Amino acid sequence: MKVGKNKVVTMTYTLRYNDENGEIIQQVDEKRPFVQLFGAGALLPAFEQNLEGLEKGDTFSFQLSAQEGYGDPSEEAILELEKKIFEIDGKVDPEMVAEGKNITMQDQNGNPIDGKVVAVKENSVIMDFNHPLAGENLNFSGTILDVRDATDEEISHGHTHGPEGHQH
Ligand code: ZN
C-alpha cells in the first residue's frame with residue numbers, strides 16, 4: 001500500500017535545518033512514531049507530495065525550501081499589544097512576559113497561537129507570531145513504518161484514531 005490521500009501513515013523522521021548535515025530540530029523515533037492522516041490538510045502540502053507513493057520500509061530524505069515550508073517571516077506577524085492583555089489578576093508576570101519567552105495566546109477566533117516576546121515596553125509588549133521555522137529551509141529524513149487505509153470515521157473527522165477510537 002502506498003502513501004497518499006486518506007491513508008494513515010506511521011513514520012519516523014528527523015527534521016534538520018537546510019540539509020542532511022544540518023542541525024537537528026526535531027527527531028521522532030520508533031518508540032513514539034509520527035502517525036498522520038494524509039490528505040486532511042494537517043501537513044505541509046510539499047511534505048505530503050515528497051512522501052506520496054512510498055511504501056512500508058521505504059526510507060526518504062528530502063528538502064523543503066522556506067516557501068514550501070513555513071514561509072518567509074512577515075512584518076505583519078509582529079504586533080505591538082497592550083500590556084493589559086498580559087495581566088493575570090491585574091499583574092503582568094515579569095518572568096513570563098520577558099524578552100525571548102514563548103507565550104501561547106488566542107487569535108480572533110479563539111484558537112491558540114504561539115508567539116515570542118520580542119520586547120517589553122512600559123505599556124506594551126511586542127510579540128512575534130511568525131512560525132519559529134519561518135524563513136528556514138528544512139530537511140526531512142526517515143522511514144515509513146506502516147501505511148493503512150483510513151477508516152470512514154477518521155476521514156470525516158480529519159484525523160487518526162488510536163486502537164480505542166476517537167480520543168480527543
Ligand atoms: Zn475523531
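Structural remarks
- Residue tally, condition surrounded by 15 or more Cβ atoms within 10 Å (Cβ to Cβ) and small (Gly, Ala, Ser), over the stretch 55-70: 2
- So Met105, is it of a type in the set (A, V, I, L, M, F, W, C), away from the ligand (no atom under 16 Å from the Cβ) and modelled with pLDDT under 95: yes
- Qualifying position, being surrounded by 13 or more Cβ atoms within 10 Å (Cβ to Cβ), at pLDDT 95 or above, in contact with a Ser or Thr (Cβ under 8 Å, 6 or more places away or on another chain) and not small (Gly, Ala, Ser), among Val147, Val118, Val97: Val147
- Residue count for the stretch 112-153 satisfying the condition of being more than 28 Å from Ile25 (Cα to Cα) and in the same structural domain as Glu80 (by TED's automatic domain parsing): 4.
- Leading residue by the ranking (nearest to the ligand (Cβ to nearest atom)) among those in the stretch 142-168 that are part of a loop (DSSP other than H, G, I, E, B) and among the hydroxyl-bearing types (Ser, Thr, Tyr): Thr160
- Scanning the stretch 6-48 for residues that are touching a strand residue (DSSP E or B) at 6+ places or on another chain (Cβ under 9 Å) and surrounded by fewer than 14 Cβ atoms within 10 Å (Cβ to Cβ) yields Asn18, Asp19, Glu20, Asn21, Glu23, Ile24, Gln26, Gln27, Asp29, Glu30, Ala42.
- Test result for Gly165, outside the structural domain of Gly53 (by TED's automatic domain parsing), open to solvent by less than 30 Å² (accessible area, probe 1.4 Å) and free of Cβ contacts under 8 Å to residues at least 60 places away in the same chain: yes
- Taking the stretch 39-141 as the region of interest, the strands (runs of 3 or more DSSP E) fully inside it that hold 1 or more residues being of a type in the set (D, E, K, R) and in contact (Cβ under 8 Å) with a residue 24 or more places away in the chain are 78-82, 124-128.
The values are calculated or read from the model by the stated rules, or taken from the named source; none is laboratory data. Owing to the predicted nature of the structure, the values given are computational and were not obtained by experimental measurement. Note that we place each Cβ from the backbone using ideal geometry, even for glycine, and neighbour counts take in every protein chain shown. Calculation scope for accessible area: heavy atoms of the full protein, side chains included, ligands and nucleic acids excluded. Shrake-Rupley method; radii C 1.70, N 1.55, O 1.52, S 1.80 Å.
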